Amino acid sequence: MLDYCKNYIRIDGTDDDTLLTSLIAMSTTFILNATGYTLDTTKDLDKIALAITVGHFYTNRDYIVATGAVPQRIPMTIQSLYSQLQRIQEGIDNV
């Protein structure tokens, strides 16, 4: 997932690999807590949901580092993806 997320965010090099690895783990837990859904990164929807979340936290990392808190505003795109994952978890939709 590291390479997938780096490609999505458009990061070259390895300088931020440790940070990105931590953000991938944090984002995976964040999505689980927000939706009740355990990601399956063999599925495209799950991969893009994770990459978008990692990209959001990577872009807003100054806030996370300064306060230790997760930014409160999650973009509508991410919220929509989470709603889809939650519906899958609840058995409403199938992918």
Notebook entry, point to check: Expressed as a whole percent, how much of the Cα-Cα distance distribution for the chain exceeds 17 Å?
Noted result: 48
Checklist line | Helix-derived mean residue ellipticity, 222 nm - over the chain, DSSP H n ≥ 4, -39500 (n - 2.57), to 500 | finding: -21500 deg cm²/dmol
Margin query: How large a share of the accessible area of the chain, in percent, is made up of carbon and sulfur atoms when the probe is 1.4 Å and the other protein chains stay in place?
Written below: 49
Check: Accessible area per residue, 1.4 Å probe, Å², for the chain: what's the number?
Finding: 62
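The values are calculated or read from the model by the stated rules, or taken from the named source; none is laboratory data. Note that the coordinates shown come from a computational prediction; the quantities given were computed from them, not determined experimentally. For accessibility, only protein heavy atoms count, side chains too; no ligands or nucleic acids. Shrake-Rupley method; radii C 1.70, N 1.55, O 1.52, S 1.80 Å.
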